[in-house]
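Colleague: Pasting in a structure now, in structure tokens, and then I'll have a few things to ask.
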Amino acid sequence: MWECDSLGHLNSPFYSRIFDDASTGAMLHFGFSMVDAIAAGFSWADVKLELEYLAEVKVNSVLSVTARLVSLGRASIVVEYTMHNDTAGVVAATARIKSVCFDLQERKSMPWPDALRTRLEQQLTRC
């Protein structure tokens with residue numbers, strides 16, 4: 001696997017990529033349709049990423065990621081992600097990502113639209 005180093009471990013930049021890929025699915029689960037949002041002139045932008053490596057990920061490991069919305073602000077959210085190494089049966093890494101609702105025209109943060117905020121609030125109460 002080209003994502004791994006000479007020791008057969010997943011390279012650090014690919015952890016970020018895996019969590020970033022997972023964020024698209026998580027946001028859809030939280031009620032944020034990227035297609036609808038872009039058509040309405042907004043999206044989201046990550047502003048902070050905290051990664052914690054907990055167990056090595058070796059070549060050919062099967063990974064899955066779960067997400068949990070833990071904080072909702074006027075224009076921001078914080079989501080905690082857990083990367084599971086399903087092959088080894090361990091948690092390989094966690095990430096805490098702060099994102100903001102992002103106005104695509106103005107290129108700055110904006111408040112969550114009311115309908116989306118309501119869906120995000122529903123997800124927050126499930127945690």
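Bear in mind these aren't lab numbers, they're just calculated from the coordinates by the rules spelled out. If you're wondering where the values come from, they're calculated on a predicted model, not measured in any experiment. Glycine gets a Cβ as well: all are built from the backbone with ideal geometry, and neighbour counts include every protein chain shown.
Colleague: If the cut-off is a Cα-Cα distance under 26 Å, which lysines reach LYS108, setting aside same-chain residues fewer than 8 apart in sequence?
Modeller: LYS48, LYS98
Colleague: Still on this structure: Compute the long axis of helix 114-124 from its Cα atoms, compare it with the longest principal axis of the Cα atoms of the chain, and write down the angle in degrees, 0 to 90, nearest 10.
Modeller: Compared with the principal axis, the helix lies near 40 degrees.
Colleague: Given the options VAL47, LEU7, LEU116, identify the residue whose Cα lies farthest towards the positive end of the charge dipole of the chain (+1 on Cβ of Lys, Arg; -1 on Cβ of Asp, Glu).
Modeller: Value computed over the given set: LEU116.
Colleague: What number, in percent, do you get for the relative contact order of the chain if the mean sequence gap of Cα pairs under 8 Å and at least 6 apart is divided by its residue count?
Modeller: Computed value for the chain: 26 percent relative contact order.
Colleague: Which three extents, in whole angstrom, do the alpha-carbon atoms of the range 12-124 cover along their principal axes, largest first?
Modeller: 42, 26, 22
Colleague: Mind pulling the angle between the C-alpha long axis of helix 12-29 and the longest principal axis of the chain? Nearest 10 degrees, somewhere in 0 to 90.
Modeller: 40 degrees
Colleague: Ignoring the sites themselves, what is the longest stretch of the chain with no GluC sites (Glu not before Pro) in a DSSP loop and at most 16 other beta-carbon atoms within 10 Å?
Modeller: Counting only loop sites that pass the neighbour cut-off, the longest clear stretch is 4-55.
Colleague: Between SER61, SER99, SER23, which gets the highest mean-square fluctuation from a Gaussian network model of the chain, Cα cutoff 10 Å?
Modeller: Largest GNM mean-square fluctuation: SER61.
Colleague: A further question follows. Principal axis lengths of the range 48-113 from Cα atoms, whole Å, largest first?
Modeller: Computed over the range 48-113, the largest-to-smallest principal extents equal 44, 22, 17 Å.
Colleague: Could you check the spin-label model distance between MET34 and VAL91? Points 7 Å from the Cα along Cα→Cβ, value in nm.
Modeller: 2.6 nm
Colleague: How much length would be gained if the chain were fully extended between ASP21 and ARG74, taking 0.36 nm per residue of separation minus their Cα-Cα distance, in nm to one decimal?
Modeller: Difference between extended and current length: 16.6 nm.
Colleague: Just to verify a number: FRET efficiency for THR66 and SER12, C-beta to C-beta distance, R0 = 22 Å, to 0.05?
Modeller: Approximately 0.60, to the nearest 0.05.
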